[in-house]
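The values are calculated or read from the model by the stated rules, or taken from the named source; none is laboratory data. For clarity, every value in this text was computed on a predicted model and none was experimentally measured. Every residue, glycine as well, gets a Cβ built from its backbone with ideal geometry; the counts of neighbours run over all protein chains shown.
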Amino acid sequence: MYVPSTVVTNDAFVKMGLDTTDEWITSRTGIEERRLVGRDEPTSELAVKAARRALQVADVHASDIDLIIVATCTPDQVMPSTASLVQDKLGAKRAGAFDLNAACAGFAYALNMGAAQIESRRAKRVMVIGADELSIYLDWKDRGTCILFGDGAGAVLLQSADTPGILTSTVGSDGSGAGLLNIRGGGSKYRVNGNGAGPNGTAKHRAPAGDQYLRMNGQQIFRWATQMMTEAAEQVMRESGLKPDQIDLFIPHQANLRIIEATARKLGLPPEKVFSNVSNYGNTSAASIPIALCEAIDAGQIEVGDNIVLTSFGAGLTWSALAVHWTQEIPTGGKSPWTPFRQQLDSRMAAVQSALKRQERRVRSTIDERLGREP
Ligand SMILES: CC(C)(COP(=O)(O)OP(=O)(O)OC[C@H]1O[C@@H](n2cnc3c(N)ncnc32)[C@H](O)[C@@H]1OP(=O)(O)O)[C@@H](O)C(=O)NCCC(=O)NCCS
């Protein structure tokens, strides 16, 4: 996992003049602080840092990855995908790469897709990353949303194995709730450049003022989320034959402690089996589950043989849940003492190779132009 270094406490909102209190935010959401990105920290940077750590723990070379999926709704650019930027920065020469947008449910969706690639033998190693910077889209005057979100990234490396780790999974969507949580501006409907259809288009499609911000109906999301997270978790538990007392750890999307606790109660899970770090990071969107997973591992709350249920929800509306049987011993700090050095070398080499390729492309096109050669 990787989170930016800037910590913003609830009091910082009060200091900047927002009509709120630390007491309100803590009691209604469980959030005490969150991390926010700086100016030159696009989503791909967070994603790469998390992915490098995953490679280090797994002791695997970037060049051994077959596929990179970046779950994000805050990509660096409309195109190319953030995953392609990550692939280049990692030096993952053999990997295919694409972004997946299922908002806050993105990581669980991506885990599902990555596992399917391995199960169908189309890939042996899939890097699944959840990375988001929703702070970029927050309206700092909207107290109902700006206090909720933080930035971060988390990554896991999926590998083929004899014993399946992901037992069952489910994904779902209900687009009738699209208006409950959205960022409307910047897409093809509300265009940042105001282009209409074709060369004679007018500016009528420009995003209305304020549509570049995240907007949400918090109460309706709250009610729906509690119900949906419970139903999705129940479905994967039923399909994998796991009873509540066989679940060792429940890792829900970290959006609001009250949603997490209500869901756990409905599932009949005691508090000690429920992981939450929402107090430290707020809602980091697609990064929330992998960050929670990493911290649960660090805290010694996950051991080989454990059954874990992950469940998440997000804009769309979307949801996903997975039942996981943990099969892999996690070596702390990598298996070999040389791993960090090799990684540094790998990332330097990746940067050099990328620069060389760009140079080669420039030289080739200049030569082709001079010689009048068709591309
Ligand atoms: C947003 C959320 C924290 C609001 O909590 P709530 O208990 O539902 O609060 P309400 O929306 O009913 O608002 C109650 C009052 O608190 C006010 N309020 C909202 N945000 C506030 C804040 N930061 N500080 C102080 N008061 C606030 C409201 O304006 C409202 O005031 P009013 O009664 O005078 O109109 C909660 O609905 C929530 O977490 N929803 C889910 C959001 C979510 O998870 N989104 C991410 C999806 S991936």
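Observations, loosely collected:
- When region 142-171 is filtered for residues that are closer than 27 Å to Pro4 by Cα and within 16 Å of the ligand (Cβ to nearest atom), the ones remaining, listed by number, are Asp142, Arg143, Gly144, Thr145, Cys146, Ile147, Leu148, Phe149, Gly150, Asp151, Gly152, Gly154.
- Taking the criterion of being buried (at least 18 other Cβ atoms within 10 Å of the Cβ), among the hydroxyl-bearing types (Ser, Thr, Tyr) and over 19 Å from the mean Cα position of the chain (by Cα), the only residue of region 146-186 that qualifies is Thr168.
- Failed item in (1) in a helix (DSSP H, G or I); (2) within 16 Å of the ligand (Cβ to nearest atom), with Ala50 passing the rest: (2)
- Scan of region 73-93 for residues that are touching a helix residue (DSSP H, G or I) at 6+ places or on another chain (Cβ under 6 Å) and part of a loop (DSSP other than H, G, I, E, B), ordered by number: Cys73, Thr74, Pro75, Asp76, Gly91, Ala92, Lys93
- Residue within region 314-325 that is farther than 24 Å from Glu45 by Cα, modelled with pLDDT under 90 and either in the same structural domain as Gly150 (by TED's automatic domain parsing) or not in a helix (DSSP H, G or I) (or both) present: no
- Pick from region 293-304, criterion in contact with a strand residue (DSSP E or B) (Cβ under 7 Å, 6 or more places away or on another chain) and assigned to a helix (DSSP H, G or I), ranking: surrounded by the most Cβ atoms within 10 Å (Cβ to Cβ): Leu293
- Of all residues in region 172-196, those satisfying the criterion of being in a strand (DSSP E or B), away from the ligand (no atom under 13 Å from the Cβ) and at pLDDT 95 or above are Gly172, Ser173.
- Residue match in region 64-72 (condition: assigned to a loop (DSSP other than H, G, I, E, B) and surrounded by fewer than 23 Cβ atoms within 10 Å (Cβ to Cβ)): yes
- Residue that is more than 10 Å from the ligand (Cβ to nearest atom) and surrounded by fewer than 22 Cβ atoms within 10 Å (Cβ to Cβ), where the choices are Pro270, Pro290, Pro252: Pro270
- All positions within region 236-267 that are in contact with a strand residue (DSSP E or B) (Cβ under 9 Å, 6 or more places away or on another chain), small (Gly, Ala, Ser) and more than 18 Å from Ala296 (Cβ to Cβ): Ser240, Gly241
- Candidates in region 340-375 are the residues that are exposed (fewer than 10 other Cβ atoms within 10 Å of the Cβ) and not in a helix (DSSP H, G or I); of these, the one that is modelled with the lowest pLDDT is Pro375.
- From the list Ser160, Ser135, Ser176, Ser169, the one residue that fits, being touching a Gly at 6+ places or on another chain (Cβ under 8 Å) and in the same structural domain as Ala92 (by TED's automatic domain parsing), is Ser135.
- Among residues of region 12-33, those that are more than 11 Å from the ligand (Cβ to nearest atom), more than 13 Å from Ser279 (Cα to Cα) and in a loop (DSSP other than H, G, I, E, B), counted: 2
- Filtered residues of region 259-292 (kept if within 16 Å of Leu322 (Cα to Cα), of a type in the set (Phe, Trp, Tyr) and in contact (Cβ under 8 Å) with a residue 40 or more places away in the chain): none
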